[in-house]
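Every number in this text was worked out from the coordinates using simple rules, so none of it is lab data. Because the structure is a prediction, the values reported are computed rather than measured. Positions of Cβ are generated from backbone atoms using ideal geometry, with glycine treated the same way; all protein chains shown enter the neighbour counts.
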Amino acid sequence: MAKNLTSEPSLGLHERALLAGLDLLDARQAQVPALVEVATELNIPICDLGRLFPNEEALYCAAAENALLHLMDICTRSVVQVDPQDPFAQFHSLGEAYLKWAHEHPRQFRLLSERRVIDILTQPQLRRYVDALHELMTRMLMRARDDGQLHPREDIQALAITARSFAFGLARLIVDRRMEEWYPGADPLEAARHALSDFIRRMARSTTPPS
């Protein structure tokens, strides 16, 4: 796939290099491709690629940041379409946007979730995006609690971590093509959406004080 990108006029070398790196990484899985291999895949001199990325870490950091920017954009556009007075609905929309992104961009999902390539939590320029998403989740849950949709003494941080872990697990099942084990015959993304909706309904019901 990456070799076809070398003749794509709409893509610059920077973007083609990121895509080629992801292609090689997806094909290898057990080994992080060297920068010279990416240059070979693109059919360009290593010095040309080296002017953009001094090493493999720089290339995959750039690919990770590109993936996170795309994820943030998808999540933001999804949330703003929901009633701002319904934080729980916004929270649900955020989760669905994340699953959709993972389904459509499995290579980027693997890059962000597998520390053998790059640990995004130790890279400040990447960590900020993760923290921003977590803060967004937390604010939504705090508003839901303040609006009476959650128990007034609900542990918001613990709830956010639980929800985030559940969504990550669903995304992992989609990317690893294992959703069939849990929902035989169902479309993987639709099955994940169904599971997410059920989880959020149960979360709201179990944490709402009795009337």
*Which order do CYS75, CYS47, CYS61 fall in if you start with the one that has the fewest other Cβ atoms within 10 Å?*
CYS47, CYS61, CYS75
*Any idea what angle helix 56-79 forms with the longest principal axis of the chain, computed on alpha-carbon atoms, 0 to 90 degrees, nearest 10?*
40
_Below 10 angstrom from the Cβ of ALA17, what's the summed charge of the other residues (Lys, Arg +1; Asp, Glu -1)?_
-2
*Enter the angle in degrees (range 0 to 90, nearest 10) between the Cα long axis of helix 87-104 and the first principal axis of the Cα atoms of the chain, meaning the one along which they spread out most.*
30
*asked:* Can you tell me the orientation of helix 13-28 relative to the chain, as the angle in degrees between its alpha-carbon axis and the longest Cα principal axis, to the nearest 10?
replied: 80
*Kirkwood hydrodynamic radius for region 72-201: how many Å is it when counted over pairs of different Cα atoms?*
15.5
